[in-house]
Every structure is written in structure tokens, then in C-alpha cells.
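Working notes, beginning with the structure itself.
We did not get these values from a lab; they are worked out from the coordinates using the rules stated. Nothing here was measured: the structure is a model prediction, and the numbers come from that model. Here the Cβ positions follow ideal geometry from the backbone for every residue, glycine too, while neighbour counts run over all protein chains shown.
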Amino acid sequence: MIALGSDHGGYNLKETIKAYLEENNIPCKDFGTNSTESVDYPEFGAKVAEAVVSKECEKGIICCGTGIGISISANKVPGIRCAVVSDTFSAQMSREHNNANILALGERVIGKGLALEIVKVWLSTEFAGDRHQRRIDKITDIEKKYNR
């Protein structure tokens, strides 16, 4: 299951992604927001991150105006590796090398067509493991050092 979330600045893109997932029979759960009325992105980044860390959802996709603010919020949750992506190569590498478990997109940065291509690549790319796992383990060690 894919966790979805956005603030008002990413609402329309989230809805586009949700429709794509539903059309392709990819289970998803929408953690809001539910309109373009102004809200605070940290709330929705945290909800998606918590759903991923608890394993309620396998991965997450979050959207705001740039993808930056909501990704910073999600990355505060230990165990989250959220990548802000604006191209398909970065989407692939965020999964293959970094095992990103949340994808962040900016509605005001990329168009819907590119966003859906990024989502397709991100969801279809597997983590390569091997030497990359060693690096993920080091990221986890940094988290543990500061989250005692």
C-alpha cells in the first residue's frame, strides 16, 4: 500500500497520482489534505512518514509546492529516507542506491505528465542492496546517534 499526503500546494498533484494508482490497481491510502485550502505541510509529511515506519504502508508519496518542506518534515521521522525528485533518473537512483521509502514531488516545480513518469519509475525500481546497504546502515547509525 502506498501512503499519500500533501498540503494545499500539492493537493492537485496528489489527486492526479491517486487517480493513476487507483487506475492501475495499486492500493493507496490518502492521509490528506482534502482541498486547496491552506494547511501546514509538516502535519501531512509526518502522517505519511509514520504510516511507512509503522509498516501500515510500504512506501509513501508526498507533495507540496516544491516538495522541499514536506520532505524535510517526513525526514524527521527516524527510519524515513525521503527524496525530493524532479526527474526520472533521480527517481531511479533514490530507490536503487538510497532505498528511499518516500518520494516527494513539487506541484509548482514539475508538470503532471513528468510527475506520473517519476512515480512509475520510482515504484518499479528495486533497491540494489550490496554496497548500498552499507551506506544505508551508516545513515541509520547517524539517526540513532541523534535520536536517543
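Full extension of the chain between Asp137 and Asn25 yields a length gain of 37.0 nm, computed as 0.36 nm times the residue separation minus the alpha carbon distance. Per residue of the chain, the DSSP helices (runs of n ≥ 4 H) give a summed -39500 (n - 2.57) that works out to -15000 deg cm²/dmol at 222 nm.
Between helix 11-23 and the chain, what is the angle of the helix's C-alpha long axis to the longest principal axis, kept within 0 to 90° and rounded to the nearest 10? That works out to roughly 80 degrees.
For region 46-106, the Cα gyration tensor yields ellipsoid semi-axes of 17, 14, 9 Å (square root of five times each eigenvalue, largest first, whole Å). Dipole check for region 1-122: with +1 at the C-beta of Lys and Arg, -1 at the C-beta of Asp and Glu, and the Cα centre as origin, the magnitude is about 280 Debye. Along the axis of the charge dipole computed for region 45-148 (Cβ charges of +1 for Lys and Arg, -1 for Asp and Glu, origin at the Cα centre), the listed residues Gly65, Pro78, Ala115 are led at the positive end by Pro78.
Take every Cα-Cα pair in region 63-137 and report what % of them are more than 18 Å apart. Percentage above 18 Å: 37. When only the Cβ of Lys, Arg, Asp and Glu is charged (+1, +1, -1, -1), the dipole of region 50-148 relative to its Cα centre reaches about 320 debye. Compactness of region 8-63 was expressed as the Cα radius of gyration divided by 2.2 N^0.38 Å, which yields 1.10. Between Cys64, Cys28, Cys82, the residue with the greatest mean-square fluctuation in the GNM of the chain (Cα pairs under 10 Å linked by springs) is Cys28. Within the set (1) 41, 32, 23; (2) 40, 30, 26; (3) 54, 28, 27, the number that Cα extents along the principal axes in Å takes when calculated for this structure is listed as (2). Look at the alpha carbon pairs under 8 Å that are at least 6 residues apart: their mean separation over the length of the chain gives a relative contact order of 23 percent.
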